[in-house]
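Input: a single structure, listed below in structure tokens.
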Amino acid sequence: MDETQVKITDVTNLTTDDPKFAEACSSLANSIQSEKYAITQLVQDLGPLLTNTTIADREKGTLILSLVLTHLPNNILNSTQLNFICNFYSERLNDHHQVVPAVLRGLIPIVRSENISQGLSTQLLTALFQYVPCQQQQQPDRYNIYQFIKTLLDKRKDEMKAMGLDLVYGVISAIDSERDPRNLLFLFNWLPNFVKIIELDFRPSAQDEHTITRENLADALCPCLCALPSFADLCIPLAIEKLESELYIAKLDSLNLLINGCINFPVETYKQHSSVLWSVIQKEVFTCKDRDLERRCLETLTCLFRKLSTDCSYSKQLTKDVIDTLKGNLRPDAILYIPSAKIIKSISQASSETADLIFKEISPLLINMYNITTTPSHKSIILQQLVDLTITYLTLNPGISIDDTENAKVVPSICLKAIIDAETQIRMTGITSFSHLALFISTATRRYFYDNLSALIVLKQESIVREAIISALKIYAASYYEEIQSILQNIQTNNGLESLELYLNAVGSVVGVPQLMSFSLSILVKNVFGTLDTAVVAAKILNHKLEENESIISKHLIENESIVGRIVDYFLQNINHFNIDIHCVFLESIAKILMITLRYAEETTQEALVIQQLEKIKFIKSNDLHIIILYGLLSSLRPNTNVSININEIVNLTVETSASDISNFGSELLGNIINKTVDENTLNERLNNIEMKTDIGLQHNKIKNAIKVISFTAKALAIRANSHTFKWVNKLINLSSEYLTAAKAFQIMFDDANDCLYTKNYCKKTLLYKQKFFTEVCDYLVSNYDDSKKHYLLILGHLIQNVPQNILRIELKKIIRLVLLCLSYCEESDVLFAVLTAVNVIIEDKEQLAEDFIQEFLKYYLKLATSEKSMKIRISALRGIQTYSTYPLYKLLPLKQDVLMTLSKCLDDKKRLVRKEAVEARSKWFLIDAPI
Amino acid sequence: MELENVNPNIYSKIDDRLITLEEEDDDVEDEFDAREIFDLIRGITDPEHPLTLEELHVLEESLIEVDNKDNIVKVLYTPTIPHCSMATLIGLSIRVKLLRCLPARFKVTVEINPGTHVSENSVNKQLADKERVAAALENVHLIKVINQCISTK
């Protein structure tokens, strides 16, 4: 006993804020559980505190008791003890408001106890309702109250029900005007048992970390409103009222309510309100401009009619009425045609009956209208609607085949006729519609379509028709691959290369269908190794398909077609027929096919394949074209493969060549190799080699080639963040004072179009290399600029051209002086255009700097817009001026008159495209501060 | 307010003007033509509907004349119904839009397409009267509506 005596003073001596307080209470509970200490003893020991006249002491005593109770298991207290405690707690609820929170904490464990006798819970709850005004408590205490009520309803449902209206009144007064989102969320989740419509007026505070949005609340409230069928009589009129209001959100909420209500609400209520609902929603669809709202309205109509279709005759009558109302709008030139057509489509999706009825009523009308309309755009809208309704009809009535019904039967034949129409748009719609019907078309009708399709595949068409043909082919291939394979096999391409290209394109398009991949690739590969002319066409398409689906296709090509060896052989056989100026695209294609197929091979396979091929091509070392095949073989090697590379040879050919395409390939390849060279010594050796050769090139009038090699070397080093980078960049900066191409080379630094330096090709790319590079170069330019170094402005312009916007934004403040100088001095129109484009984006994003320098920028922009020679630049400047019109009024007003005056000169520009932008700019500036 | 014409016919818009090689050539001078003027004003919206004057066939390219040498632009427009009370407002919107978007050298005339409106003459007269147009633009409510019509595209 002594031991526990010590313990109780331990607890009572602690303050309630002490972290050890809760711990001490829990150990008291443990001793009660292990029967070292009795609960009656505890109450007795706490007596002086519990009955103390000081409020704080009473609070402490109660809190200790409550916490101990919380830690006790549900079955430890017997009913006499509980009886006593309950009576005590009921009285304490009437205590000073400071004590009440401590009392509230003890309520939940009490009612959770198993031995609590009948009537005690009611007593507690009544006391709570009587003495504690819930909404005057703090948020956590309110939460405890709700938890308490919830526990009571879970555990003592029958007893609670017996309270009847008192309970409902008590709960409602407790939760009424609750505003805290956390409590609201709890209540909404719980209330489906116990609903009260709570007026929502809540804005989430920005600082709250656990922000609950209005949507969360609305979403949680909706199931409450729809929880019981009997709520329907209140909810549906409420929804109608909200739908008629002007508020966008109210409309969306009420549509949600109507949709969710369909689950529980009785159909009778919907029937009762159906005509009002229909007219309100119809009006909304006809007038609303918002896509989301319109979509939601249409969904609601579908749900509504689905609900109503449980009463067959009623739904039939209503659908008929709707059809009669909307029929009049079905003239394709009427403004209400499109919304009416949408409504009809949504209603037909509701059930098999509505689909049936609408299809039978509307389709003859549409077919008739289609036949008498002449305008192509109208014809295609009608056809689309007809096909939509047919698809819905057939999907919802799975027993019916398309050939069973009179009206459905004609739809495919209308589409087939449209496919051979003279008008492009109708042809396109015909093909698309027929492909949408794919699942419903009979074998015989499909054959007609295939006849057309095989003719269309090899016929040159407008691009939209061509796209429709290809997508139709894909859709049919997915469902009927054997049929498509057989038609593709039987197509003849006698009419020259153009039809061959179209044919191969179509064949390539089905490569994504697993059953057709092998077939499709075998045809493409066969053509790649045909005559040079067919190879040119086929290689382009094969390369394209490879790029779309690299890993699967390249695996297939290596395993089943031994593509690498065959390409190299083919290349060697035809090397004398190749001319880099004519066949550049083709050579690039085959190099890329090699690169991509090798990319996915394992290290050992790569090694074996590449060493074997290098052996074959060593006889053509002196030929320029050698570089291209090396590009294909070496670019995608994994870094650790053991393949010896002769860098000397590549640099020599690249610098010496007279074909600029070859030097492009060579420089990219060199960049790739330098980037992937792991060993530091080898790297130094290779760099020295390149430096030596390029120096010679610069002296011997191979300046462009040498600069290209230098720039790709610099880029390769920059990407791997190598310490040599700046030495090479410096070379370029110095060269640019003499040669424009050197300044231009800075463009490629951020240009991701060089496939060769991709990480896909196992190049080493460090994080944030772009940012690091840009910062370093900018720092150098800004600190070393003086009036004699105008080429720095050019370099900056070229750098800006491709640098990612977010990086530019970070550095902008530093370089803004140079940017402004560039706008006023630069004479290279490409550079000027690049700078304008970059600055325009910054103006669009309303960067603070753009606002701070508005006067300077506008001054240069207006000058460029009126006097610059190139129209491209005048247009770009005018676009910037347009964007500025959205800036804060106080910045714009002082400048408005000047801008309008200057712009009036641009209205008479000699180029129409410039005038168009000037008009736009002037209109916008006119509206600044104008009444609107 | 009750709409005068609830379900007007709408017509498709013409495609955007194709940019020709000459237009992209810096050295060729492009003259103003009817299509350019049409492009300036076809996006003006009807005060009653959220539709453009082009979609309602109030404006048509064939009813616009341009004389570059003599600096004359003449626009005829067709109200959707003969007793349309918005006819003057539409005419005024076209005038204001052209006033802001054409070089000052042009003399602009905006008139109703003959025979398409009951009070054609009086509307034409109002639109031709510079002082009345200027006075109308002083009216805050009026300029507000006009700004709305010509600002949305």
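The values are calculated or read from the model by the stated rules, or taken from the named source; none is laboratory data. Every value quoted in this text rests on a predicted model; they were computed, and no experiment measured them. Here the Cβ is made from the backbone with ideal geometry for all residues, glycine too, and neighbour counts use every protein chain on show. These area figures cover heavy atoms from the full protein model, side chains too; ligands, DNA and RNA do not enter into them. Shrake-Rupley method; radii C 1.70, N 1.55, O 1.52, S 1.80 Å.
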Tell me which of these A:L67 doesn't satisfy, since it passes every other one: (1) in a helix (DSSP H, G or I); (2) over 26 Å from A:D18 (Cα atoms).
(2)
Of everything in the stretch B:9-27, what is within 9 Å of another protein chain (Cβ to nearest Cβ) and among the β-branched types (V, I, T)? Give them in sequence order.
B:I10, B:I19
Determine whether the stretch A:525-537 contains at least one residue that is part of a helix (DSSP H, G or I), among the small types (G, A, S) and touching a residue at least 24 places away in the same chain (Cβ under 8 Å).
yes
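Going by the structure shown, is A:T269 among the polar types (S, T, N, Q) and modelled with pLDDT of 90 or more?
Here the answer is no, as A:T269 does not meet what is asked.
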Given (1) away from chain A (no Cβ under 14 Å); (2) assigned to a helix (DSSP H, G or I), index of the condition B:L99 fails:
(1)
Test set (1) polar (S, T, N, Q); (2) assigned to a helix (DSSP H, G or I); (3) open to solvent by 60 Å² or more (accessible area, probe 1.4 Å) - A:T374 fails condition number
(2)
From (1) modelled with pLDDT of 90 or more; (2) crowded, with 17+ Cβ neighbours inside 10 Å, pick out the condition that doesn't hold for A:A850.
(1)
Would it be correct to say that A:T654 is within 24 Å of A:L799 (Cα to Cα) and either of a type outside the set (S, T, Y) or assigned to a helix (DSSP H, G or I) (or both)?
no
Taking into account only those residues within the stretch A:227-267 that are touching a residue at least 40 places away in the same chain (Cβ under 8 Å) and β-branched (V, I, T), which is farthest from A:K307 (Cα to Cα)?
A:I240
Filter the stretch A:307-335 for residues that are at pLDDT 85 or above, open to solvent by less than 40 Å² (accessible area, probe 1.4 Å) and within 14 Å of chain B (Cβ to nearest Cβ) and give the result.
A:L326
Only listed residue being closer than 25 Å to A:K242 by Cα, touching a residue at least 12 places away in the same chain (Cβ under 8 Å) and not acidic (D, E), chosen from A:I358, A:I344:
A:I344
Considering the stretch B:28-44 alone, what residues qualify as being hydrophobic (A, V, I, L, M, F, W, C) and either more than 10 Å from chain A (Cβ to nearest Cβ) or buried (at least 17 other Cβ atoms within 10 Å of the Cβ) (or both)?
B:F32, B:A34, B:I37, B:F38, B:L40, B:I41, B:I44
Within the stretch A:328-359, which residues are more than 31 Å from the chain's Cα centre (by Cα) and assigned to a loop (DSSP other than H, G, I, E, B)?
A:G328, A:N329, A:L330, A:R331, A:P332, A:D333, A:I335, A:L336, A:S351
Using beta carbons and a limit of 7 Å, which pairs, at least six apart or on different chains, have the first residue in the stretch B:46-58 and within 12 Å of chain A (Cβ to nearest Cβ) and more than 17 Å from A:C288 (Cα to Cα) and the second one in a loop (DSSP other than H, G, I, E, B) and charged (D, E, K, R)?
B:E55/B:K13; B:L56/B:D46
When the stretch A:424-442 is examined, which residues are found to be among the hydroxyl-bearing types (S, T, Y) and either under 14 Å from A:A477 (Cα atoms) or buried (at least 22 other Cβ atoms within 10 Å of the Cβ) (or both)?
A:T429, A:T432, A:S433, A:S435
Answer yes or no: is there a residue in the stretch B:9-19 that is open to solvent by less than 20 Å² (accessible area, probe 1.4 Å), closer than 25 Å to B:F106 by Cα and either among the polar types (S, T, N, Q) or part of a loop (DSSP other than H, G, I, E, B) (or both).
no
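Among the helices (runs of 4 or more DSSP H) lying completely within the stretch B:110-153, list those that include at least 1 residues that are away from chain A (no Cβ under 11 Å) and either farther than 21 Å from B:I81 by Cβ or polar (S, T, N, Q) (or both).
By residue number, B:120-128, B:130-138.
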Matching residues in the stretch A:540-569 - criterion: being open to solvent by less than 20 Å² (accessible area, probe 1.4 Å) and in contact with a Phe, Trp or Tyr (Cβ under 6 Å, 6 or more places away or on another chain)
A:S554
Would you mention how many residues in the stretch A:32-85 are more than 25 Å from A:K155 (Cβ to Cβ), aliphatic (A, V, I, L, M) and more than 60 Å from the chain's Cα centre (by Cα)?
4
Among the residues of the stretch A:851-860, write down those that are touching a residue at least 12 places away in the same chain (Cβ under 8 Å) and either of a type outside the set (V, I, T) or within 14 Å of chain B (Cβ to nearest Cβ) (or both).
A:E851, A:F853, A:Q855, A:E856, A:F857, A:L858, A:Y860
Can you pull out every residue in the stretch A:861-892 that is open to solvent by 40 Å² or more (accessible area, probe 1.4 Å) and either more than 14 Å from every other protein chain (Cβ to nearest Cβ) or under 18 Å from A:V835 (Cα atoms) (or both)?
A:K863, A:T866, A:S867, A:E868, A:K869, A:K872, A:R879, A:P888, A:L889, A:Y890, A:K891
Residues being among the small types (G, A, S) and closer than 15 Å to A:A743 by Cβ - total across the stretch A:808-857
2
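Of everything in the stretch B:108-129, what is of a type in the set (S, T, N, Q) and surrounded by fewer than 18 Cβ atoms within 10 Å (Cβ to Cβ)? Give them in sequence order.
The answer is B:T109, B:N113, B:T116, B:S119, B:N121, B:S122, B:Q126.
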Report the residue count in the stretch A:893-932 for those that are facing chain B (nearest Cβ under 7 Å) and open to solvent by less than 40 Å² (accessible area, probe 1.4 Å).
8
Are any residues in the stretch B:59-81 among the β-branched types (V, I, T) and within 14 Å of B:L40 (Cα to Cα), and if so, which ones?
B:I64, B:V66, B:V73, B:V75
For the stretch A:116-158, which positions are within 24 Å of A:G61 (Cβ to Cβ) and part of a loop (DSSP other than H, G, I, E, B)?
A:I116, A:V132, A:P133, A:Q137, A:Q138
Output for the stretch B:104-129, where each listed residue is over 15 Å from the mean Cα position of the chain (by Cα) and of a type in the set (D, E):
B:E120, B:D129
Checking B:E65 against (1) open to solvent by 30 Å² or more (accessible area, probe 1.4 Å); (2) within 13 Å of chain A (Cβ to nearest Cβ), which single condition isn't satisfied?
(2)
Going through the stretch A:670-724 in order, the residues found to be polar (S, T, N, Q), crowded, with 17+ Cβ neighbours inside 10 Å and not in a helix (DSSP H, G or I) are A:T677, A:N722
Looking only at the stretch B:87-99, how many residues end up being open to solvent by less than 40 Å² (accessible area, probe 1.4 Å) and without any contact (Cβ under 8 Å) to a residue 12 or more places away in the chain?
0
